[in-house]
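Okay, structure first, notes after.
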Protein chains: 2
Amino acid sequence: MTDKMKIIEVKQSVFADNDADAEKLRQQLKGEKTFLLNLMSAPGSGKTSVLVQTIDRLKDDIKIGVMEADLDSDVDARTIAERTGVKTIQLHTGGMCHLDADMTRQGVKELETGELDLAVLENVGNLVCPAEFDTGASMNVCILSVPEGHDKPLKYPLMFTVCDAMIINKIDVLDYFDFDLDKVREYAYKRNPDIKIFPVSAKNGEGMDEWCKWLKEQVCKWNS
Amino acid sequence: MTDKMKIIEVKQSVFADNDADAEKLRQQLKGEKTFLLNLMSAPGSGKTSVLVQTIDRLKDDIKIGVMEADLDSDVDARTIAERTGVKTIQLHTGGMCHLDADMTRQGVKELETGELDLAVLENVGNLVCPAEFDTGASMNVCILSVPEGHDKPLKYPLMFTVCDAMIINKIDVLDYFDFDLDKVREYAYKRNPDIKIFPVSAKNGEGMDEWCKWLKEQVCKWNS
């Protein structure tokens, strides 16, 4: 384990009103001038790979830290810490299928977000439960990968409704799957007409500059 | 909508003891000589495609019916009904991230399982929550698809512990992803030393005969 990485076991929350608690955390982070990005997707969509590529492009301009949530294992936190060198906290949820604001706060505290411009929360790989809980993030972003199919905004409506942006990852394998970019846009806009859409490949870097430019703008707006 | 397909809104369960309730349903189905297969995976792993291929291979020998669980939409139920002609029930979970035994029973009742040798429950696309709830199934099977990565048994331990078999789908695209078949076997056996593993491609049919042969044997054993 590198010294950039730490594992904490997050405790189940005692707060009844998660929405109010999330708003409190959001305002605390706003005061600290730290933008909190809540990154969500199904298992295996490439959250960690997208994050590595994103950090590589932005870390010279803004200070970044990462919280990696997982039921178990520290695979992703190790990857982030080793490949990017940024401070990374592994949040073990002990089987919980999502993070809420109080669990996020436990990570935020360990991450010492006051020194950061951008804190990223990589949520549990799950298109259902994480969408139901406000984490206190400044912004929600989901990743849908090409092999999963373009029908996902129809089948997991809430996820695509609560996200400000959708990253379509693994566009390098578009030729090998029956994935219709026009249809996925149509279905996503049906859930959220304002959603921003970024087709990317975390493997070959295609589209990553546009996504990173947009993200940096959001961070700067929030922290100004 | 074809006349082979029906949508029902499943109600949240009132039973406190899901395990006991699941056992009761399992015994009821055993008495009816109906094998209930609980098929689980992340979103987009190919549950429906594997199911279509499976039904095509087995429907002349055994009587099959399908329950498709989804938060919303009837995409999968329509696909199954139209492509295979077997009786299909769409279960709308109203946002719930899993099915339990009582919700499954509501589907079983509509499906009229007494006439069936094999009832398939396609659970909500989610590697976390469905693993926590016994549905009353005779057997649990999960699908992991190649693009998701071979580390999933490390990151979603319970799912691979509770399953009798794991189908590795989309092996037709093995060349385009960093997916290590030896490693995924090692990680899956770590969770469950008795798990059966079937690498398949629902797209080109590779490996489907072995899986179907094994499934048919399990159905015949259960129903004998």
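Read-outs: derived from the displayed coordinates by stated rules, not from any lab. Predicted model only: the values in this text are computed from it and were never measured. Neighbour counts are summed over all protein chains in view; Cβ atoms, including those assigned to glycine, are modelled from backbone coordinates with ideal geometry.
Quick notes on this structure:
- Per-residue Cβ neighbour rank within 10 angstrom, fewest leading, B:135, B:93: B:93, B:135
- Given R0 = 30 Å, the distance between the Cβ atoms of residue B:7 and residue A:132 translates into a calculated FRET efficiency of 0.85.
- Inter-site label distance for residue A:209 and residue B:204 at 7 Å from Cα along Cβ, in nm: 3.6 nm
- Placing unit charges on the Cβ atoms of the charged side chains and taking the dipole of region A:1-136 about its Cα centre, the candidate lying farthest along the positive direction among A:107, A:129, A:10 is A:107.
- Rounded to whole Hz, the Karplus (6.51, -1.76, 1.60) HN-Hα couplings of region B:23-39, x for glycine and proline: 5, 5, 5, 4, 5, 4, 5, 4, x, 7, 6, 10, 8, 9, 9, 9, 9
- Amide proton proximity set for residue A:197, modelled H, under 5 Å, gap of 5+: A:166
- Phi angles across region A:143-154 convert, under the Karplus curve 6.51 cos²θ - 1.76 cosθ + 1.60 with θ = phi - 60°, into 3J(HN,Hα) values of 10, 10, 9, 3, x, 6, x, 7, 8, 4, x, 6 Hz, Gly and Pro given as x.
- Computed from backbone phi with θ = phi - 60° and the Karplus coefficients 6.51, -1.76 and 1.60, the 3J(HN,Hα) list for region B:217-224 is 4, 5, 4, 5, 4, 4, 8, 7 Hz; x is used for glycine and proline.
- Anisotropy class of the protein assembly as shown from Cα gyration tensor, a/c 1.5 cut: prolate
- Cβ charges +1 (Lys, Arg) and -1 (Asp, Glu), total dipole of region B:144-212, debye: 300 debye
- Residue mean of other protein chain beta carbons inside 10 Å, A:104-113: 0
- Placing +1 on the Cβ of every Lys and Arg and -1 on the Cβ of every Asp and Glu, with no other charges, gives region A:105-224 a dipole of roughly 260 debye about its Cα centre.
- Given charges at beta-carbon only (K, R positive; D, E negative), |dipole| of the protein assembly as shown in Debye: 40 debye
- Loop-located trypsin sites (Lys or Arg not before Pro) in region A:27-98, at most 15 other Cβ atoms within 10 Å (DSSP): A:33, A:59, A:63
- Its relative contact order, with pairs defined as Cα atoms under 8 Å and 6+ residues apart, puts chain B at 26 percent.
- Legend: residue pairs B:11/B:203; A:11/A:190; A:203/B:203; A:4/A:30, Cα-Cα distance threshold 28 Å; pairs beyond threshold, B:11/B:203; A:11/A:190.
- Long pairs among B:87/B:109; A:155/B:24; B:63/B:109, criterion Cα-Cα beyond 19 Å: A:155/B:24
- Distances between placed amide hydrogens fall under 5 Å for residue A:35 paired with A:118, A:119, all partners being 5 or more residues away or on another chain.
- Cα shape, region B:1-147, gyration tensor, a/c 1.5 rule: rounded
- Against chain B, whose longest principal axis is taken from its Cα atoms, helix B:181-191 shows a tilt of about 50°.
- Linear extension gain, residue A:28 paired with residue A:182, 0.36 nm per residue minus alpha-carbon span: 51.5 nm
- Region A:32-50 and region B:119-159 have their alpha-carbon centroids 23 Å apart.
- Cα shape, region B:130-224, gyration tensor, a/c 1.5 rule: oblate
- Remark on residue A:67: its backbone amide H falls under 5 Å from those of A:89, A:120, A:121, A:122, a criterion applied only to residues 5 or more positions apart or on other chains, H modelled at 1.01 Å from N.
- Here's the list of aspartates and glutamates a cross-link from residue A:59 could span, going by alpha-carbon distance under 12 Å and ignoring same-chain residues fewer than 8 apart: A:117.
- Sparse-neighbour loop sites [trypsin sites (Lys or Arg not before Pro); region A:148-224; at most 12 other C-beta within 10 Å; DSSP]: none
- Test item: A:122-132 mean partner chain Cβ contacts at 10 Å: 5
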